[in-house]
Amino acid sequence: MASPAISISNISKVFEIYETPKDRLKQLLFGRFRNFHRKFQALSNISFSVNRGQSIGIIGRNGAGKSTLLQILTGTLQPSAGSISITGKVAAVLELGSGFNPEFSGRQNIYMYASLFGLTSEQIAARFTQIVDFSGLVDFIEQPVKTFSSGMQARLAFSVIAHVDADILIIDEALSVGDAVFTQKCMRFLREFQNTGTILFVSHDMGAVIGFCDQAIWLDKGSVVAIGGAKETCESYYAHMQTEMAGISNTASVTAKPQALLQRSTAPDAKLLSHTVVSRNARSLSPGYQEIEMFGFNPLSASHGNGDARIFDVAILMDDGSPLQVIEGGQKVRVRVDIEAVRDVNSPIVGFIIKDRLGQALVGGNTYHSYKERAVPAVAGQFWEVEFCFCMPILAIGDYSIVAAIGNGTIAEHIHLHWMHDAVHFKVIKTSIDGVIVGMPLDEIHFTSYSKSERTFLNA
């Protein structure tokens, strides 16, 4: 079996924190008698391995130890304890501007930065035009880097590491400051690099981690909280962060009603509130065939929230309420969410998201904008049935799931009452599209033919 590209065992890092420069001098002179500093444990017993060809996301709040770990992996910091083994050339984009001399021009910094990765002057000269073209900074390359914006510095740094023949790339939020066009260019490069190389990717964008990485490592306070599939780990981290934002000390797992009680209540005293939110632009569109296999509501799906309300059924239906099996793109469907108010809810927001198998959000909606001027509060014991009516897009063949959620407040500031990952699973087994994840049903398609001379006239 081939050795892993990266293997670290029980890595720890302790920083000595001095309150004043005098304390540092005292430590040097009298340190054997007493300490004049306090210790900060940045990392504690971190262990994991990364195989060749894997893409691993590293997630966690600010101060969790992500950047410290990456600096140890790149050799700019030494661990206080533990061992590390790396096979292959490592190239990294860490803090913006690191490795650059602000007084040097972009050209000079390319030569200096690329030489740090082992390239000779001749190799850099041969790749210089490619590096500059990739960066899109040809008009500024002779200017001092101190005049560059943060986005321009990120462009330059990434463009260099993309051309140094690295085996392992380490990316620390470097793409978060770039413009959309350059970010897409970087992502295309990284996806091509995935075919042969290994990537460590640090980001606060859970969607990017889920869509790009095979696995994820969740760090908190210098320790590993979880290592696993990118989707599952990011969902656990998201649930934890939402719980903390709501001021709950421990993640509250909201348990849906048992299977025997999943049918909507028919008791005489049950108060059922029925509200339908209809898309404003819902209309008949040109069809695109797709056949769907439904798997139904999953009451045991991962969920979180404070428990003031709970979702006990989710379904995706035809417009007439019948089960969804064969649907054409552009036809109306309904996502129905059934909810019980456990405690009073003053400003409920109910929503859903359709996600692909990687957990990337494709389409969705919520009640906020339709009901923000006339909130529909509920008292404890009431039941809601909320239906979202919309035109179904054409989905590629594959597995999909529906996230359902209810919160209390506004879009900008709300508390999660119940958030259900993968509440419903379904599979598209036949479709009329190819090569894209989501096809858009079109009203009309027009072909117009003309001669070369006519085109010349039109463009004049």
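The values are calculated or read from the model by the stated rules, or taken from the named source; none is laboratory data. This is a predicted model, so every value here is computed, not measured. Methodologically, a virtual Cβ is constructed for each residue, glycine included, from the backbone with ideal geometry; neighbour enumeration extends over all protein chains shown. For accessibility, only protein heavy atoms count, side chains too; no ligands or nucleic acids. Shrake-Rupley method; radii C 1.70, N 1.55, O 1.52, S 1.80 Å.
Overview of results
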{"read-out": "Among (1) open to solvent by less than 10 Å² (accessible area, probe 1.4 Å); (2) at pLDDT below 90; (3) within 22 Å of Val93 (Cα to Cα), the one test that Ala216 misses", "value": "(2)"}
{"read-out": "Residues that are over 12 Å from Ile6 (Cβ atoms) and not hydrophobic (A, V, I, L, M, F, W, C), drawn from region 56-75", "value": "Gly57, Gly60, Arg61, Asn62, Gly63, Gly65, Lys66, Ser67, Thr68, Gln71, Gly75"}
{"read-out": "Cross-chain or 6+ apart pairs with Cβ under 8 Å, region 196-210 first and touching a residue at least 12 places away in the same chain (Cβ under 8 Å) and farther than 16 Å from Lys355 by Cα, then part of a strand (DSSP E or B) and open to solvent by 10 Å² or more (accessible area, probe 1.4 Å)", "value": "Val202/Asp172"}
{"read-out": "Selected residue (only one of Gln130, Gln54, Gln123, Gln78 is among the polar types (S, T, N, Q), surrounded by 13 or more Cβ atoms within 10 Å (Cβ to Cβ) and over 24 Å from Lys231 (Cα atoms))", "value": "Gln123"}
{"read-out": "Identity of the residue in region 433-460, within 21 Å of the chain's Cα centre (by Cα) and part of a loop (DSSP other than H, G, I, E, B), that ends up modelled with the highest pLDDT", "value": "Ile437"}
{"read-out": "So Glu19, is it touching a helix residue (DSSP H, G or I) at 6+ places or on another chain (Cβ under 8 Å), open to solvent by 70 Å² or more (accessible area, probe 1.4 Å), at pLDDT below 95 and not β-branched (Val, Ile, Thr)", "value": "no"}
{"read-out": "Every pair of residues 6+ apart whose Cβ atoms lie under 9 Å, when the first sits in region 292-313 and is at pLDDT below 80 and in a strand (DSSP E or B) while the second is surrounded by fewer than 15 Cβ atoms within 10 Å (Cβ to Cβ) and of a type in the set (Lys, Arg)", "value": "Ile292/Lys430"}
{"read-out": "Residues (of a type in the set (A, V, I, L, M, F, W, C), open to solvent by 30 Å² or more (accessible area, probe 1.4 Å) and more than 18 Å from Ile433 (Cα to Cα)) located in region 348-389", "value": "Ile353, Leu358, Ala361, Ala375, Val376, Val379, Ala380"}
{"read-out": "Filtered residues of region 361-398 (kept if in contact (Cβ under 8 Å) with a residue 60 or more places away in the chain, within 21 Å of the chain's Cα centre (by Cα) and farther than 18 Å from Val335 by Cβ)", "value": "none"}
{"read-out": "Residue selected from region 314-327 under the condition in a strand (DSSP E or B) and surrounded by fewer than 16 Cβ atoms within 10 Å (Cβ to Cβ), by the criterion modelled with the lowest pLDDT", "value": "Val326"}
{"read-out": "Among the candidates Ser135, Ser149, residue that is touching a Gly at 6+ places or on another chain (Cβ under 9 Å) and either within 26 Å of Ser67 (Cα to Cα) or touching a residue at least 12 places away in the same chain (Cβ under 8 Å) (or both)", "value": "Ser135"}
{"read-out": "Some residue of region 184-192 being modelled with pLDDT under 90, at negative phi and either among the hydroxyl-bearing types (Ser, Thr, Tyr) or touching a Pro at 6+ places or on another chain (Cβ under 9 Å) (or both)", "value": "no"}
{"read-out": "Output for region 410-432, where each listed residue is open to solvent by 20 Å² or more (accessible area, probe 1.4 Å) and either over 18 Å from the mean Cα position of the chain (by Cα) or over 16 Å from Phe352 (Cα atoms) (or both)", "value": "Thr410, Ile411, Ala412, Glu413, His414, Ile415, His425, Lys427, Ile429, Lys430, Thr431, Ser432"}
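Conditions tested, residue by residue: (1) within 26 Å of Asp205 (Cα to Cα); (2) among the charged types (D, E, K, R).
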residue: Ile339; (1), (2): no, no
residue: Asn346; (1), (2): no, no
residue: Ile349; (1), (2): yes, no
residue: Asp356; (1), (2): yes, yes
residue: Ala378; (1), (2): no, no
residue: Phe388; (1), (2): no, no
residue: Glu413; (1), (2): yes, yes
residue: His418; (1), (2): yes, no
